[in-house]
Every structure is written in C-alpha cells, then in structure tokens.
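Structure first, then comments.
None of the figures in this text is laboratory data; all of them are computed from the coordinates on show. Quick caveat, the model's predicted, so the values are computed rather than measured. Don't worry about glycine lacking a Cβ; one is built from the backbone with ideal geometry, like all the others, and counts go over all protein chains shown.
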Amino acid sequence: MTSPSTTAPLETGFASAFAALCLGAVAMGISPIFVRFAAADVGPFASAFWRVALSLPLLYAWMRFEEAKAPADAPRTSYSKGTILAGLAFSGDLFFWHLSILSTTVANATFFATTAPLFVILMVWLVLKQRVSRGTFVGLLLCLLGGAALIGQSLQVDPARIRGDLYGIATAFFFGLYFLAVGRARETAGAARVTFETGVITSAVLLVIATLFDTRVIPQTWQGVAALTAMAFISHAGGQGLLVLALGRLPPVFSSLVIFLEAVAAALFGWAILGEALTLVQSLGGALILIGIWAARPKQPQAPIG
C-alpha cells in the first residue's frame with residue numbers, strides 16, 4: 001500500500017489547494033523585505049512577535065466566519081495536540097531563524113533553512129514509517145540544488161560562523177516539524193482555527209523571547225508600524241493561512257517542497273524592490289526548484305479497468 005503522505009491522489013480540489021500553497025509561499029517570501037524596513041524600529045525577535053500578534057484579529061475574524069458557514073457536525077477541536085505542537089514548532093522556527101541571521105551570513109542562514117523538506121521526509125520515513133516515493137527524493141534533490149544555486153554565490157565557509165549555521169539547521173528542523181504538526185491538526189479542525197490557535201501560542205512564546213533578548217520592542221515610526229502590519233497581514237495571515245489551508249488536502253512532504261518557492265519569491269522581490277542582482281545561475285536555480293516540485297507531485301492513481 002502507498003502512504004497518503006507521499007502519493008495522495010489528485011482528488012477534487014487539488015488544483016485550488018496547490019494554488020493556495022504557491023500563493024502562500026510567495027506571501028511568505030516577501031517577509032524579509034518587511035523585516036528590512038522594520039529593522040530600524042524593533043529588534044529581530046520583536047519583529048517576529050509583531051508578525052504573528054498583529055495578525056490575530058484578522059485570523060480570529062476568519063475563524064468565526066469559516067465556522068459560521070461550516071456544517072454543525074464539522075470538526076472544531078480547540079488546541080489539539082497537533083495545534084499546540086505546531087505553535088511551539090513555529091516559535092522554534094522563528095527563534096532560531098533570527099538567531100541564525102544574527103550569527104552567520106544571510107545566505108548561509110537562508111540555505112540551511114531551506115533544508116526543512118529534508119527533515120520532513122526523514123521524519124515521515126524513519127519516525128512515522130511511511131513510504132516515500134522515488135519521485136519525492138528526486139524532487140528534494142533538485143530543489144536542494146536549486147536552492148543552493150539561488151544563494152550559492154554568497155555562501156561562506158567560516159569556522160567562526162559554525163554556530164549560526166547550526167542555528168539555520170535548527171530552523172529547518174522546527175519548520176519541518178511544523179508541517180507535520182499542522183497536517184495532524186487539520187484532521188480535527190478547520191484551517192482558520194488551526195492558524196489562529198497556532199498564532200496565539202507562537203505570539204505568547206515570542207513575546208517572552210522578545211522581552212528577554214531585544215532592547216527595541218515597540219515600533220516608533222510610521223514606517224516600522226506599516227512594515228510590521230504588512231508582514232502580519234500578508235506574510236503571516238496570508239502566507240501561513242494559505243499554507244494551513246493547503247495542508248488540509250495536500251501531503252506534508254509535497255507541501256514542504258513547494259515552500260522552496262519562498263526562496264524563489266524572495267530573490268524576485270529582492271531584485272524588483274531592493275534592486276538586488278539576479279544572475280543567470282540564480283535563474284537556473286529557480287528553474288530547478290520548479291522541476292523538482294513537478295517531479296515530486298502526488299501521482300493520480302489509474303482508474304480500474306472494467
């Protein structure tokens with residue numbers, strides 16, 4: 001038997017779920033631009049806190065709207081084990097991501113963070129004992145090569161930055177754990193409830209972290225407030241919301257590979273908005289990621305004859 005986590009059939013709604021996942025990746029890919037604009041006002045951990053906290057009213061309204069339209073017998077489990085784990089995992093992801101940025105180059109931090117699908121596949125294969133298709137491994141290899149090409153020219157090997165590189169690997173591990181936890185949480189609750197409750201847990205954890213480690217927590221300028229609000233609405237409510245929505249229908253393993261589009265989007269936004277160079281090698285890296293996602297796509301089983 002094949003595992004639904006690796007070769008789920010292309011049922012009705014797959015196309016819309018895949019589109020939501022792609023849009024979510026793009027929305028999350030623009031977050032470094034907002035962080036750059038908010039950096040003069042708040043510290044890195046405070047930026048992560050506001051990213052989640054400011055989105056909560058919007059996510060709460062979405063949850064109430066979604067559940068008002070849902071059938072009376074629709075699953076609405078509050079703060080399930082999967083949701084709590086997802087909130088803690090996303091807290092770990094943002095915490096170690098910012099530590100990595102502070103302790104190594106942005107290129108190194110980004111590269112190691114993009115290895116999250118590797119941890120998803122290893123956990124599904126070795127811990128959950130589920131079958132992983134050959135196409136998934138091929139897709140992972142192509143996406144990793146593409147991610148390396150996107151930022152490879154800026155990668156630096158420096159023993160002094162090894163701690164920051166390890167923080168980047170920890171980022172990938174927690175983001176991979178987040179994918180699996182959200183997939184489990186979506187079995188008993190809708191996308192809006194999972195996104196909102198995960199955000200409540202994450203923002204509570206990040207508030208403590210920001211208070212302990214940042215000297216600038218409250219934004220002081222309109223630019224800082226605008227950047228943080230935009231990041232909350234677009235990258236978190238939009239990006240994470242669409243991701244959680246898609247994970248209700250798409251396998252976590254495949255979804256984690258699609259998130260490589262976040263790196264492609266970040267490079268394109270950096271080129272279009274910040275004027276950062278986009279080389280031929282980076283363009284080829286983006287193409288490899290697209291090919292890798294196509295190679296790992298869930299296969300539709302053939303209809304029985306007769």
Here the tail fraction of P(r) beyond 28 Å, over all Cα-Cα pairs of the chain, rounds in percent to 36 percent
When the charge dipole of segment 28-163 is computed with +1 at the Cβ of Lys and Arg and -1 at the Cβ of Asp and Glu, the Cα pointing farthest to the positive end, of THR104, VAL132, PHE37, is that of VAL132
Residue ranges of DSSP H helices in the chain that stretch 24 Å or more (Cα, own long axis) and have mean Kyte-Doolittle hydropathy of at least 0.0 are 81-103, 134-151, 162-185, 191-213
Rg from C-alpha atoms of segment 240-301, normalised by the globular rule of thumb 2.2 N^0.38 Å, equals 1.31
Within the under-15-Å Cβ sphere about GLY82, not counting GLY82, Lys/Arg +1 and Asp/Glu -1 give a net charge of +3
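From the Cα gyration tensor of segment 153-237, with a ≥ b ≥ c the square roots of its eigenvalues, which class applies: rounded if a/c is under 1.5, or else prolate if a/b is larger than b/c, or else oblate? Walk me through the numbers on the way to the answer.
Numbers: a/c = 1.96, a/b = 1.15, b/c = 1.70.
Verdict is oblate for segment 153-237.
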The extension gain from PHE137 to THR279, computed as 0.36 nm times the residue separation minus the Cα-Cα distance, is 48.4 nm
By Cβ neighbour count within 10 Å, fewest first, GLU262, GLU197, GLU66 rank GLU66, GLU197, GLU262
Computed about the Cα centre, the charge dipole of the chain from +1 Lys/Arg and -1 Asp/Glu charges at the Cβ has a magnitude in debye, to the nearest 20, of 540 debye
Cβ density ranking, 10 Å radius, fewest first, applied to TYR167, TYR79 yields TYR79, TYR167
Binned at 10 Å starting from 0, the alpha-carbon pair-distance distribution of segment 27-163 in whole percents comes out as 9, 27, 32, 25, 6, 1
Fewest to most Cβ atoms within 10 Å: VAL120, VAL200, VAL208 sort as VAL208, VAL200, VAL120
With Cα springs under 10 Å, the Gaussian network model of the chain assigns the largest mean-square fluctuation among ILE218, ILE259, ILE293 to ILE218
Per-residue ellipticity at 222 nm attributable to helices in the chain (runs of n ≥ 4 DSSP H, -39500 (n - 2.57) apiece, nearest 500 deg cm²/dmol) works out to -21000 deg cm²/dmol
Between GLN220 and LYS81, the two model label points (7 Å from Cα along the beta-carbon direction) sit apart by a distance in nm of 4.8 nm
